[in-house]
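Step one of this worksheet: look at the structure below.
The values are calculated or read from the model by the stated rules, or taken from the named source; none is laboratory data. None of these values were measured; they are calculated from a predicted model. Don't worry about glycine lacking a Cβ; one is built from the backbone with ideal geometry, like all the others, and counts go over all protein chains shown.
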Amino acid sequence: MPYAECPNFNKCNCNKCPLDPGIEERIKLPDDEKCRAEKSTRMRIGAKYPQLLKYQGLTKKEWTMRKIWDEKTYQEKILISTSLSKMRKSALKRHFSGGSMTCFPGLPKKGGTNVSVKKRV
């Protein structure tokens, strides 16, 4: 079975394993672990079993997003990639210059802190 090839197989408790041919029949409970295997590992294993694994080692969400991405034109992919790259650079620049942290709420400004400490009485 594909899941037996996973390097985390012996220590994993994921009920909805992306490498399980019966993933659609499994139920995810609130306390269930998430899959620990790297996406690239799951994809490599999944490529060996295209007839067994409906999502080829990906989660249903990953598979859906991949299909959406694959349907985009080359120009759309370039536009999206360029926009994301600009957003990342802008967010990093703001972070390291001490500017506003609207992209990363909860992170402190450079040299500042957003953690409040209460004294014990």
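Tallying residues that are closer than 13 Å to Cys6 by Cα and in contact (Cβ under 8 Å) with a residue 24 or more places away in the chain within the stretch 21-48 yields 8.
The residues in the stretch 16-57 that are of a type in the set (Asp, Glu) and either modelled with pLDDT of 95 or more or under 16 Å from the mean Cα position of the chain (by Cα) (or both) can be counted, and the count is 2.
For the stretch 38-94, the candidate set comprises residues that are in a helix (DSSP H, G or I) and aromatic (Phe, Trp, Tyr); within that set, the residue that is surrounded by the fewest Cβ atoms within 10 Å (Cβ to Cβ) is Tyr74. Does Arg26 count as in contact with a Ser or Thr (Cβ under 7 Å, 6 or more places away or on another chain), basic (Lys, Arg) and at negative phi? No, not satisfied. Six or more apart or on different chains, Cβ under 6 Å: which pairs go from a residue in the stretch 1-14 that's more than 16 Å from Leu52 (Cβ to Cβ) to one that's assigned to a loop (DSSP other than H, G, I, E, B) and of a type in the set (A, V, I, L, M)? Could you list them? Close Cβ pairs (under 6 Å, with a partner that is assigned to a loop (DSSP other than H, G, I, E, B) and of a type in the set (A, V, I, L, M)) amount to Asn8/Ala37.
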